[in-house]
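Novice: Handing you this structure, nothing more for now.
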Amino acid sequence: MLLHILLSLPGLASADPAGFFSRPDTWGYLAPAQALASGNGFGGFLERAPGFPVLLAGVYHAPKLAAIIFGLIGVLTALPVYLAAKKYAGNAAALWAAFLFLFNPTAVANRPLWLSDTWFGLFAAWQCYFLLEYLAEKRGKDWYITIAIAGLGTLIRPINLAWIA
């Protein structure tokens, strides 16, 4: 987490942190988040799935806090990555998987950005973990948890619906 905060310092020190952490396609998330934060529902903005704009609306008025929260979400994603790798390949592989995930330059760079990548990654990692649990243990509850997480992930990125194929 310290690495994330250190790498986010230029944006956190910026006069316009929301602008610093935005990218060209952020508007597709930001417009519905602004409408939600203002109490206007989605305000007619339906071009993006609602999952990330809902999260973004919750931190919209605190852009510096948003960058830290998104970083925390990205760092916490290492837990399901570790658990899934441990289930599949043992503890040594799990430690490597978590390490590689935590220090992947693309993931590190994307964490504070106002994009759905980090938020979706958390759901995808948990979905993968519970799917591996189901395949290994054949417990119905793991299958239902996988499906529930997949449904929530689809609200962030609709392509997640395709996993069942």
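Novice: Find the relative contact order for the chain and round it to a whole percent, using C-alpha pairs within less than 8 Å whose residues are 6+ positions apart.
Specialist: 23
Novice: In the chain, what is the count of Lys pairs whose alpha carbons are under 20 Å apart, counting only pairs at least 8 residues apart or on separate chains?
Specialist: The number of close lysine pairs in the chain is 4.
Novice: Let me ask another. Along its principal axes, what span do the Cα atoms of the range 69-148 show, with the longest given first and each in whole Å?
Specialist: 38, 29, 15
Novice: Given q = 0.10, 0.11, 0.17, 0.18 Å⁻¹, what are the Debye log10 I(q)/I(0) values for the chain, with equal point scatterers placed on the Cα positions and solvent ignored?
Specialist: Ignoring solvent entirely, the Cα scatterers give -0.41, -0.49, -1.04, -1.12.
Novice: Okay, moving on. Let me know the Rg and Dmax you get for the range 1-90 when you use only its Cα atoms, in Å.
Specialist: For the range 1-90, the Cα radius of gyration and maximum Cα-Cα distance read 15.6, 49 Å.
Novice: Right, here's the next one. Consider a paramagnetic label point 7 Å from the Cα of Ala89 along Cα→Cβ; state which residues of the range 117-131 have an amide N under 14 Å from it.
Specialist: Correct set: none at all.
Novice: Of the accessible area of the range 19-165, with the probe set at 1.4 angstrom, what percent is carbon plus sulfur?
Specialist: Summing carbon and sulfur atoms, their accessible area is 70 percent of the total for the range 19-165.
Novice: Determine the per residue accessible area of the range 28-125 with all protein chains present and a 1.4 angstrom probe, expressed in square angstrom.
Specialist: For the range 28-125, the per-residue accessible area is 46 Å².
Novice: Quick one: length gained pulling Trp27 to Trp96 fully straight, 0.36 nm per residue minus the C-alpha distance?
Specialist: 21.3 nm
Novice: Moving on. Projected onto the charge dipole of the range 1-114 (+1 at Lys/Arg Cβ, -1 at Asp/Glu Cβ, origin at the Cα centre), which of Leu46, Leu56, Asn104 gives the Cα projection farthest towards the positive end?
Specialist: Of the candidates, Asn104 comes out farthest on the positive side.
Novice: Further, regarding this structure: Let me have the 222 nm mean residue ellipticity of the chain computed from DSSP H runs of 4+ only, each contributing -39500 (n - 2.57), with the sum over all residues rounded to the nearest 500.
Specialist: For the chain, the value works out to -22000 deg cm²/dmol.
Novice: Sorting check: for 66-78, 34-46, 119-131, which peptide has the highest mean count of neighbouring beta carbons within 10 Å, and how do the rest follow?
Specialist: 119-131, 66-78, 34-46
Novice: Oh, and also: For Lys141 and Ile164, compute 0.36 nm times the residue count separating them, minus their Cα-Cα distance, and round to one decimal in nm.
Specialist: 6.6 nm
Novice: If you don't mind, another one. Taking R0 as 35 Å, what's the FRET efficiency between Ala37 and Leu2 from their Cβ-Cβ distance, rounded to 0.05?
Specialist: 0.75
Novice: Still on this model: Note down the accessible area of Lys64, probe 1.4 Å, to the nearest 10 Å².
Specialist: Rounded to the nearest 10, that gives 100 Å².
The values are calculated or read from the model by the stated rules, or taken from the named source; none is laboratory data. In this text, all values refer to a predicted model and were calculated from it rather than measured experimentally. Positions of Cβ are generated from backbone atoms using ideal geometry, with glycine treated the same way; all protein chains shown enter the neighbour counts. Accessible surface areas use protein heavy atoms only, side chains included; no ligands, DNA or RNA. Shrake-Rupley method; radii C 1.70, N 1.55, O 1.52, S 1.80 Å.
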